[in-house]
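Asker: My questions all concern the structure below.
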Amino acid sequence: MEQVAAKSEVIEKLRKDILSLQGFRVPTDSQKVHFGLGPIEAAFPNGVFPTGAVHEFLSDNTENAAATTGFMAGLLSRTMQRGGFCVWLSSKRTVFPAALKFFGVEPERVIFIDVRNEKDLLWMVEEALKCQALAAVVGELQEVNLTESRRLQLAVEQSRVTGLLHRHNPRNANTIAAVSRWKISSLPSNPGEDLPGMGFYRWHVELLKVRNGEPGSWQVQWISGHFEHILKPEIVVPEINLLQTA
């Protein structure tokens with residue numbers, strides 16, 4: 001029994017070492033950030049949304065780009081809940097800073113930098129990811145290759161800053177060195193009973209790729225300052241009595 005236990009400890013240590021080399025680090029209890037993503041977090045190694053890593057988001061039209069921005073804002077609110085600032089870099093920024101408050105992000109804690117040149121934008125994202133004083137970096141860019149993304153991943157492995165890359169309508173959805181790839185699309189809102197106007201934000205969340213995890217798709221909404229998993233209604237198939245005659 002002791003030998004079996006010793007082997008299990010060695011295997012567990014090797015697993016953690018491999019995950020660490022691939023950009024995943026098991027957070028301590030004091031470092032854990034609870035994102036409230038429910039079953040989505042179970043898709044990641046250790047059942048925890050990886051902070052201190054680079055995540056990639058793809059959107060193919062304006063509507064989904066807006067949905068992606070909202071979902072990322074929800075992630076930012078959890079990433080920044082213990083303090084720190086965020087740098088938001090973009091060449092074509094469309095986010096309205098004051099609207100971030102709806103997702104629990106104080107706009108004064110976000111530094112917006114608008115860059116005209118795409119190459120300069122990528123360089124600035126890399127430099128921002130190296131800054132340990134930041135909690136997160138959002139980079140809205142179109143193209144990034146594997147070599148460039150590896151530099152971004154190496155930067156966060158040293159600084160432990162969380163990077164969110166939003167690639168709007170890229171010419172080539174090539175593989176990059178991010179721990180995950182997401183696609184977010186909007187869903188019709190549900191205002192609820194006796195509530196006028198627009199309801200809570202809802203998204204169809206697709207985790208297309210995740211390193212050492214399980215991809216999947218879910219429906220999520222933002223309500224009362226947190227994510228909430230939407231349970232899909234069960235489809236009830238009526239029973240047919242083949243023996244019944246008209």
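Asker: Given the conditions (1) farther than 22 Å from I40 by Cα; (2) not in a helix (DSSP H, G or I), and given that V105 satisfies all but one, which numbered condition is not satisfied?
Answerer: Of everything listed in (1) farther than 22 Å from I40 by Cα; (2) not in a helix (DSSP H, G or I), V105 misses just condition (1).
Asker: Residue under question is F35, and the condition is that it be at pLDDT below 90, crowded, with 18+ Cβ neighbours inside 10 Å, within 14 Å of the chain's Cα centre (by Cα) and under 19 Å from L165 (Cβ atoms); does it hold?
Answerer: On the way: at pLDDT below 90: yes; crowded, with 18+ Cβ neighbours inside 10 Å: yes; within 14 Å of the chain's Cα centre (by Cα): yes; under 19 Å from L165 (Cβ atoms): yes.
Criteria met by F35.
Asker: Look at segment 133-147 and say how many of its residues are touching a helix residue (DSSP H, G or I) at 6+ places or on another chain (Cβ under 6 Å) and either among the hydrophobic types (A, V, I, L, M, F, W, C) or modelled with pLDDT under 95 (or both). Can you show your working first?
Answerer: Initially, segment 133-147 is screened for residues touching a helix residue (DSSP H, G or I) at 6+ places or on another chain (Cβ under 6 Å), giving 135-137, 139, 141.
Restricting the remaining residues to those that are either among the hydrophobic types (A, V, I, L, M, F, W, C) or modelled with pLDDT under 95 (or both) gives 135-137, 141.
Going through segment 133-147 one residue at a time, the tally reaches 4.
Asker: Can I ask one more? Name the residues in segment 156-178 that are in a loop (DSSP other than H, G, I, E, B) and either under 10 Å from the mean Cα position of the chain (by Cα) or more than 22 Å from P45 (Cβ to Cβ) (or both), would you?
Answerer: N169, P170, R171, N172, A173, N174
Asker: Follow-up question, since we're still on this one. Confirm whether G104 is small (G, A, S), over 21 Å from K209 (Cβ atoms) and in contact (Cβ under 8 Å) with a residue 12 or more places away in the chain.
Answerer: Yes, satisfied.
Asker: Just to be sure before I move on: is G47 modelled with pLDDT under 90, touching a His at 6+ places or on another chain (Cβ under 8 Å) and farther than 20 Å from V138 by Cα in the structure I sent?
Answerer: Working: modelled with pLDDT under 90: yes; touching a His at 6+ places or on another chain (Cβ under 8 Å): no; farther than 20 Å from V138 by Cα: yes.
Judged against the criteria, G47 is not a match.
Asker: I've got another one for you. Report whether or not E41 is surrounded by fewer than 21 Cβ atoms within 10 Å (Cβ to Cβ), in contact with a Gly (Cβ under 6 Å, 6 or more places away or on another chain) and of a type in the set (D, E, K, R).
Answerer: Numbers: surrounded by fewer than 21 Cβ atoms within 10 Å (Cβ to Cβ): yes; in contact with a Gly (Cβ under 6 Å, 6 or more places away or on another chain): yes; of a type in the set (D, E, K, R): yes.
Judged against the criteria, E41 is a match.
Asker: Still on this structure: Within segment 108-120, is even one residue within 28 Å of W218 (Cβ to Cβ) and of a type outside the set (D, E, K, R)?
Answerer: Scanning segment 108-120 turns up at least one residue that is within 28 Å of W218 (Cβ to Cβ) and of a type outside the set (D, E, K, R).
Asker: Oh, and also: Just one of L129, L134, L122 is of a type in the set (A, V, I, L, M), touching a Phe, Trp or Tyr at 6+ places or on another chain (Cβ under 6 Å) and under 27 Å from R150 (Cβ atoms); which is it?
Answerer: Just one listed residue meets the conditions, L134.
Asker: If you go through segment 108-155 one residue at a time, how many are assigned to a loop (DSSP other than H, G, I, E, B) and under 15 Å from V87 (Cα atoms)?
Answerer: Residues flagged as assigned to a loop (DSSP other than H, G, I, E, B) and under 15 Å from V87 (Cα atoms) within segment 108-155 amount to 5.
Asker: Select, from L152, L121, L187, the only residue that is surrounded by 14 or more Cβ atoms within 10 Å (Cβ to Cβ) and over 25 Å from A43 (Cβ atoms).
Answerer: L121
Asker: Separate question: Where residues in segment 43-66 are part of a helix (DSSP H, G or I) and free of Cβ contacts under 8 Å to residues at least 24 places away in the same chain, which of them is nearest to the chain's Cα centre (by Cα)?
Answerer: If we filter segment 43-66 for residues that are part of a helix (DSSP H, G or I), which is where we start, we get 43, 45-47, 62-66.
Next cut, free of Cβ contacts under 8 Å to residues at least 24 places away in the same chain only: 47, 62.
On the way: G47: 14, T62: 19 Å.
Per the stated criteria, the residue is G47.
Asker: Condition check: more than 18 Å from the chain's Cα centre (by Cα) and either surrounded by 14 or more Cβ atoms within 10 Å (Cβ to Cβ) or at pLDDT 95 or above (or both). Does A128 satisfy that?
Answerer: yes
Asker: Looking at (1) in contact with a Leu (Cβ under 9 Å, 6 or more places away or on another chain); (2) surrounded by 13 or more Cβ atoms within 10 Å (Cβ to Cβ), which is the only condition D114 fails?
Answerer: The one condition D114 does not meet is (2).
Asker: Within the bounds of segment 67-82, is there any residue that is touching a residue at least 12 places away in the same chain (Cβ under 8 Å), touching a Phe, Trp or Tyr at 6+ places or on another chain (Cβ under 7 Å) and part of a strand (DSSP E or B)?
Answerer: No - not one qualifying residue is present in segment 67-82.
Asker: For the list (1) loosely packed, with under 13 Cβ neighbours inside 10 Å; (2) at pLDDT below 55; (3) in a loop (DSSP other than H, G, I, E, B), I need the number of the one condition that E12 fails.
Answerer: Condition not satisfied by E12: (3).
The values are calculated or read from the model by the stated rules, or taken from the named source; none is laboratory data. No experiment lies behind these values; they were computed from the predicted model shown. Because the Cβ atoms are built from the backbone with ideal geometry, glycine has one as well, and the counts that use them run over all protein chains shown.
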